[in-house]
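*Asks:* One structure, as C-alpha cells, below. Some questions next.
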Amino acid sequence: MAAVVVAVVVSLVRDSLDPAWTVVQWYPPSRFADKTSLLAVLGGLLLVGAVNSWMFWQVLQGPADAAPLPRRALWLRRLLYVYVGWLLIPVPLPDEVETAVDVVLWVPIVILLAQVLTRSGPTFRLILVTTALLSTALPSVLEAVPPDSYADWAPVLSAVSLALVAAGLAWFLMILIAQRRDGRWTRTTMVLGACQLAVFPITVVLNQLVDFPESVVLSDLLDVLAVFQLVWLARTAHELNRPGTAPDPEPLRSPRWLLALMVLAPLAVIAPEAKPHMTYTWLDADCSSIPRFADTPPQDRRRVYLCLAGNGRSYENIRFWSAGGRPVADQQLLGRGWKSCAAGGGKVRAEALVYLCPEVVARDRPDLLLTAAQLKQRDAKERARRRQEVADEAAQYVSGCRDPWPALRTSRQVTAVHLPTDWDGYRIFDGRKASLDALYADTIESDSPLVAHGGAAMVSTTLEYGATCVTVKVLRTAPPIRRKGWDDVVDADLVLGSGRMHLKGRGIKVEVALPKAGKYRIRLHTRTLDEGVGEDLVVVFPTS
C-alpha cells in the first residue's frame with residue numbers, strides 16, 4: 001500500500017498516469033486512460049491498491065497450527081496455494097498454454113474438494129464434480145470451433161454458453177452449501193465466497209451507466225473484484241485443518257446489502273420495452289345516463305369516472321388540453337383522481353371521486369353510496385316527515401279558526417289552515433291532475449287573488465309567512481254578496497266534473513263532496529286579521 005501511495009504521488013507530480021497504473025495493475029495503462037480525468041483514475045487506483053493490500057494480507061497469512069492433515073486434504077491445500085499463485089502472479093504465456101494450465105490445476109482441485117468435504121452424500125458429490133467439469137472443460141472445446149462456423153451454430157453455441165455459466169454458478173453454490181455442512185470453514189470465508197456472485201452484475205451495470213472511453217478504463221479497474229475469488233481460495237486452504245463435522249455449523253447469512261445489490265443492480269440497466277400506451281376513451285364516451293355508484297358494476301366504475309372527469313364539471317381549475325393541443329389521457333385523469341383519493345379530497349369533486357375510492361368519499365358524503373332505490377325511499381320518508389310536520393303545525397291553528405259567516409248555514413262545510421311560505425297560495429280543482437296541468441300551462445297575468453281556468457283555480461295570498469284559516473261552504477243557491485269586513489271578494493267559474501272539490505296547499509288538503517258534477521261559481525272572501533294571520537272564506541254554488 002505504501003508503494004501505491006508513492007506511485008500516486010509521483011503520477012501527480014509528473015502529471016502522468018503511467019507510474020501509478022503500472023504499480024497497481026502490473027501492466028501499462030491503455031491508450032484510453034489518458035483521455036479520462038487524471039484525479040478520478042488516481043482515486044480509483046488508490047481504492048484498487050487498498051483492496052489488493054487487503055487481498056495480500058489474507059493470502060499470505062498462512063494456515064494456523066493444527067493436527068496433521070489427511071493425504072487428500074494436504075494435496076488439496078497444496079493445489080489451492082499453487083492455483084492462487086497462478087492467478088495472482090502474471091505470467092506472459094500464449095492463450096492456449098494459459099487455458100491448458102488452468103484446466104490442469106482446476107480439475108484435480110474440484111475432484112479433491114468433493115472428496116474432502118464431509119456430510120455430503122454420493123449423489124451430491126457426483127453432481128458437484130459433473131457441474132465443475134462441464135463448466136471447466138467445455139469452454140475450451142467451444143473456443144476451438146472455427147470462426148466460419150459461428151453463423152451456422154450461433155443459437156446452439158449461445159445456449160451451450162448460457163448452460164455452462166449456469167453450471168458454474170450451480171457448482172459454486174453447492175460448494176458453499178457443502179462448506180456450511182462441513183463446519184470447518186468460518187462464516188467470513190463463505191460470505192467472501194458469496195461476494196463473487198455480485199461481481200458480474202456490478203460490472204455489467206457500471207459499464208452500462210458509463211460512456212466510452214470511461215467504460216474501458218472502468219472495466220480495467222473492476223478487475224480488482226477478482227480478489228474475492230483469490231481470498232476465498234486462500235482461506236479455504238488455510239482452514240482445512242480446523243476441526244470438522246461440527247454439530248451445529250455456523251449458518252451462512254449473506255449481508256443484506258449484497259442481496260439487495262444482486263437483485264436491484266440488474267434492474268438499473270433494464271430499459272422499458274415500449275412507451276406507455278395512452279388511451280382517450282373519455283372523448284367519445286356516452287355519458288348521457290350516469291348510474292349511481294351502488295348501481296354501477298365494479299368493472300364499469302372507472303369508465304363512469306372518466307365520463308364525469310372528462311366532462312370537466314367534476315374538476316376545479318383543470319386544463320383538459322395541453323399546450324400542443326393534445327387532450328389529457330385516461331391515465332392522467334385516473335392519476336389525478338387517485339392523487340385526490342390519497343389526499344382525501346382535492347381538485348376532483350366527490351360525485352366523480354366516489355367511483356374510484358368510495359371508502360374515502362363515504363367519510364364526508366355517505367349519501368353518494370346509496371342506490372337509486374334507497375335514495376328514493378329516503379326522499380319519500382323525508383317528504384312524508386315534512387308533510388306530517390306541516391300537518392301537525394296546521395292542526396294547532398285549526399282550533400283557533402272560527403266561522404267567518406255563521407249565519408250562512410250549510411250541511412257541507414270544512415275548515416282548514418294554509419301555511420304560506422314566500423307568498424305561495426293553494427289550489428282548488430276537481431281532483432284530476434290534468435286540470436292542474438292545464439292551469440299551469442296557461443300563464444295568466446292577473447292581480448286578482450283568484451285565477452280560474454277550466455277545472456282548476458289558484459288562490460294567492462298576501463302573507464309571506466304565517467297561517468290562513470280557510471273555510472269552505474257548499475250551497476245549492478247563490479248567497480247574497482257580502483263585502484263588509486273583507487279586503488277582497490272575487491268570483492270565478494269552475495268546471496268540477498268529478499263531483500268533488502279539492503283544496504291543496506302547504507298544510508291544507510281538503511276534499512269536499514258536491515251535490516252533483518257540473519259548473520260551479522266560486523266566491524272567494526279574503527282578509528288579513530293580524531300580522532302573519534289571514535282568513536279566507538270560499539263559497540261554492542251552482543252557476544244556474
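The values are calculated or read from the model by the stated rules, or taken from the named source; none is laboratory data. All figures in this text were calculated on a predicted structure; none of them were measured in a lab. Quick reminder, even Gly has a Cβ in these numbers, built from the backbone with ideal geometry, and neighbours come from all protein chains shown. Keep in mind that these areas ignore ligands, DNA and RNA; they rest on the heavy atoms of the full protein, side chains included. Shrake-Rupley method; radii C 1.70, N 1.55, O 1.52, S 1.80 Å.
Residues checked against (1) open to solvent by 30 Å² or more (accessible area, probe 1.4 Å); (2) at pLDDT below 85:
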{"site": "325", "(1), (2)": "yes, yes"}
{"site": "338", "(1), (2)": "yes, no"}
{"site": "341", "(1), (2)": "no, no"}
{"site": "346", "(1), (2)": "yes, yes"}
{"site": "359", "(1), (2)": "yes, no"}
{"site": "363", "(1), (2)": "yes, no"}
{"site": "373", "(1), (2)": "yes, no"}
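*Asks:* While we're here: Quick test for you: out of 476, 527, 521, pick the one residue that is in a strand (DSSP E or B) and open to solvent by 50 Å² or more (accessible area, probe 1.4 Å).
*Replies:* 521
*Asks:* Modelled with pLDDT of 65 or more, open to solvent by 50 Å² or more (accessible area, probe 1.4 Å) and more than 16 Å from residue 58 (Cβ to Cβ): which single residue out of 222, 206, 169, 197 fits that description? Show your work before the answer.
*Replies:* Values: 222 fails: open to solvent by 50 Å² or more (accessible area, probe 1.4 Å); 206 fails: modelled with pLDDT of 65 or more; 197 fails: open to solvent by 50 Å² or more (accessible area, probe 1.4 Å).
None of the other options fit; the residue is 169.
*Asks:* Let me ask something additional. Specify which of the listed residues (128, 133, 79) is farther than 16 Å from residue 170 by Cα, surrounded by 15 or more Cβ atoms within 10 Å (Cβ to Cβ) and touching a helix residue (DSSP H, G or I) at 6+ places or on another chain (Cβ under 9 Å).
*Replies:* Working: 128 fails: farther than 16 Å from residue 170 by Cα; 133 fails: farther than 16 Å from residue 170 by Cα.
The conditions single out 79.
*Asks:* Looking only at segment 435-446, decide whether some residue is of a type in the set (Ser, Thr, Tyr), surrounded by 19 or more Cβ atoms within 10 Å (Cβ to Cβ) and farther than 25 Å from residue 406 by Cα.
*Replies:* Quick first cut of segment 435-446, residues of a type in the set (Ser, Thr, Tyr) only: 435, 440, 443, 446.
From the residues that got through so far, the ones that are surrounded by 19 or more Cβ atoms within 10 Å (Cβ to Cβ) too are 435.
Remaining after also requiring farther than 25 Å from residue 406 by Cα: 435.
Checking segment 435-446: at least one residue is of a type in the set (Ser, Thr, Tyr), surrounded by 19 or more Cβ atoms within 10 Å (Cβ to Cβ) and farther than 25 Å from residue 406 by Cα.
*Asks:* Here is a follow-up. Cβ-Cβ distance below 6 Å, separation of 6 or more or different chains: which pairs start in segment 518-535 with a residue that is aliphatic (A, V, I, L, M) and end on one that is open to solvent by 20 Å² or more (accessible area, probe 1.4 Å) and in a strand (DSSP E or B)?
*Replies:* Taking only residues 6 or more apart or on different chains, the pairs are 524/490.
*Asks:* Anything in segment 502-517 that is more than 13 Å from residue 475 (Cα to Cα) and either of a type outside the set (Val, Ile, Thr) or free of Cβ contacts under 8 Å to residues at least 12 places away in the same chain (or both)? List them, or say none.
*Replies:* Filtering segment 502-517 down to residues more than 13 Å from residue 475 (Cα to Cα) leaves 502-511, 517.
Listed by number, the residues that qualify are 502, 503, 504, 505, 506, 507, 509, 511, 517.
*Asks:* Here is a follow-up. Within segment 439-473, take every residue that is in a loop (DSSP other than H, G, I, E, B) and hydrophobic (A, V, I, L, M, F, W, C) and give me the one that is farthest from residue 531 (Cα to Cα). It would help to see each step written out before you state the result.
*Replies:* We begin by selecting, within segment 439-473, every residue in a loop (DSSP other than H, G, I, E, B); these are 442-449, 454-455, 460-464, 466.
Next, only the ones that are hydrophobic (A, V, I, L, M, F, W, C) stay: 444, 463.
Working: 444: 29, 463: 8 Å.
Residue satisfying both the conditions and the ranking: 444.
*Asks:* Mind checking which residues of segment 1-31 are within 53 Å of the chain's Cα centre (by Cα), under 20 Å from residue 91 (Cα atoms) and either among the polar types (S, T, N, Q) or open to solvent by 60 Å² or more (accessible area, probe 1.4 Å) (or both)?
*Replies:* Answer for segment 1-31, where residues must be within 53 Å of the chain's Cα centre (by Cα), under 20 Å from residue 91 (Cα atoms) and either among the polar types (S, T, N, Q) or open to solvent by 60 Å² or more (accessible area, probe 1.4 Å) (or both): 25, 30.
*Asks:* Scanning segment 390-433 for residues that are charged (D, E, K, R) and open to solvent by 80 Å² or more (accessible area, probe 1.4 Å), which turns out modelled with the highest pLDDT?
*Replies:* Our first condition is that a residue be charged (D, E, K, R); within segment 390-433, this holds for 392-393, 402-403, 409, 412, 422, 424, 427, 430, 432-433.
Remaining after also requiring open to solvent by 80 Å² or more (accessible area, probe 1.4 Å): 402, 409, 422, 432-433.
Details: 402: 91, 409: 86, 422: 83, 432: 85, 433: 83.
Only one residue tops the list, namely 402.
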